[in-house]
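Working notes, structure below.
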Amino acid sequence: MQCVLLLLLCCAGAVNSKAQPIHYNTTSKRDPSKLNIHLVPHTHDDSGWLKTFEQYYWGTRQDVQMAGVQYVLSTVVQALLDNADRKFSYAEMSFFTRWWHLQTPRVQQQVRQLVASGQLDFVNGGFVQHDEAAAHYGAMIDQTTRGHRFLNSTFGFVPKVAWQIDPFGHSATQAALMSAAAGYEALFFGRADYQDMQQRARERQFELLWRPSASWGAAGQVFTHNYPSGNYGPPSGFNFDWGQPDPPIVVSGRKELHCPAKPLRC
């Protein structure tokens, strides 16, 4: 069976040896003759990289980088309201709280309904997506706590997925203290050493149960997935974001997917 993950763009509690590992529901059945594709609509918004936080939020200095987070959040909310079958995942609470406090009571109520229905989901839920190499674990806990407190007090929501898709390298501290011990059921990341990823590709081991602590054993394990692309965006040919080069796919009356590069039959 093949499985492809297609991406379209808290204070830690104590864990001891007597704690029980998470039990995952594995009763779902799949057709091994088919390729299972998971669509995860999301966005990754750096709180600081090529532009300042305010420039990223408001969408200024587009000559530096094409990014405006306020437009992402506003259009996503409208798209979810337009179609109840749509879902979206968001991670960075620094931007979301900035946007939230500028909305009208009507929009805020609509967002609460989207969260309650499961259309709008929050992953990681930290104020930012922290680095794992140079950051001190105290700062990692503090910034995650700040984001989780907002989600809990505003929506009664507690994130269940650790979403570290952009940090370059991943530590046992993150997998133990900031994943299993924080109540996350899974850890997802994109970037890893190219040699490690080459070996995992050969052995088909991009998914694993990570046991980062020898003393905690199975009580501290967390289901972990490394995206095969080494990144967090869509595969080549499927980047339909504004300003990107990939042409749109058009569904005709004959049930064909037309793409100038390669037509695909449904």
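A few remarks follow.
- The requirement of being in contact with a strand residue (DSSP E or B) (Cβ under 6 Å, 6 or more places away or on another chain), farther than 19 Å from Tyr90 by Cβ and modelled with pLDDT under 95 is fulfilled nowhere in the range 130-145; no residue meets it.
- Exactly one residue among Ala182, Ala162, Ala219, Ala214 is outside any loop (DSSP other than H, G, I, E, B) and modelled with pLDDT under 90, and that residue is Ala219.
- Meets criteria (within 22 Å of Ser47 (Cβ to Cβ), open to solvent by 30 Å² or more (accessible area, probe 1.4 Å) and not hydrophobic (A, V, I, L, M, F, W, C)) for Arg204: no
- Applying the criterion of being open to solvent by less than 10 Å² (accessible area, probe 1.4 Å) and of a type in the set (Ser, Thr, Tyr) to the residues of the range 149-184, the residue that is nearest to Leu120 (Cα to Cα) is Tyr184.
- Restricting attention to the range 225-254, the residues being in contact with an Asp or Glu (Cβ under 7 Å, 6 or more places away or on another chain) and either modelled with pLDDT under 85 or not in a loop (DSSP other than H, G, I, E, B) (or both) number 5.
- Search result, residues across the range 62-78 that are assigned to a helix (DSSP H, G or I) and surrounded by 13 or more Cβ atoms within 10 Å (Cβ to Cβ): Val69, Gln70, Tyr71, Val72, Leu73, Ser74, Val76, Val77
- Complete set of residues in the range 187-211 that are touching a helix residue (DSSP H, G or I) at 6+ places or on another chain (Cβ under 8 Å) and in a strand (DSSP E or B): Leu187, Trp210
- Inter-residue pairs, beta-carbon under 7 Å, first more than 30 Å from Thr173 (Cα to Cα) and in the range 213-242, second loosely packed, with under 13 Cβ neighbours inside 10 Å and of a type outside the set (D, E, K, R), 6+ apart: Gly237/Ala261; Phe240/Pro248
- Among the residues of this structure, Asp85 does not count as one that is within 16 Å of Ala162 (Cβ to Cβ), modelled with pLDDT under 95 and either open to solvent by 60 Å² or more (accessible area, probe 1.4 Å) or in a strand (DSSP E or B) (or both).
- Candidates in the range 88-101 are the residues that are of a type in the set (Ser, Thr, Tyr) and open to solvent by 10 Å² or more (accessible area, probe 1.4 Å); of these, the one that is farthest from His44 (Cα to Cα) is Thr97.
- Residues of the range 102-129 that turn out to be assigned to a loop (DSSP other than H, G, I, E, B), open to solvent by 60 Å² or more (accessible area, probe 1.4 Å) and among the aliphatic types (A, V, I, L, M), as a count: 1
- Selection from the range 25-61 of residues that are outside any helix (DSSP H, G or I), open to solvent by 50 Å² or more (accessible area, probe 1.4 Å) and of a type in the set (A, V, I, L, M, F, W, C): Leu35, Ile37, Leu39, Trp49, Leu50
- Residue within the range 130-148 that is open to solvent by 20 Å² or more (accessible area, probe 1.4 Å), among the basic types (Lys, Arg), assigned to a helix (DSSP H, G or I) and under 29 Å from Ala180 (Cα atoms) present: yes
The values are calculated or read from the model by the stated rules, or taken from the named source; none is laboratory data. Here the structure is a predicted model, which is why all the values come from computation and not from measurement. Note that we place each Cβ from the backbone using ideal geometry, even for glycine, and neighbour counts take in every protein chain shown. For the accessible areas, the whole protein counts, side chains as well, though only heavy atoms, and no ligand, DNA or RNA atoms are used. Shrake-Rupley method; radii C 1.70, N 1.55, O 1.52, S 1.80 Å.
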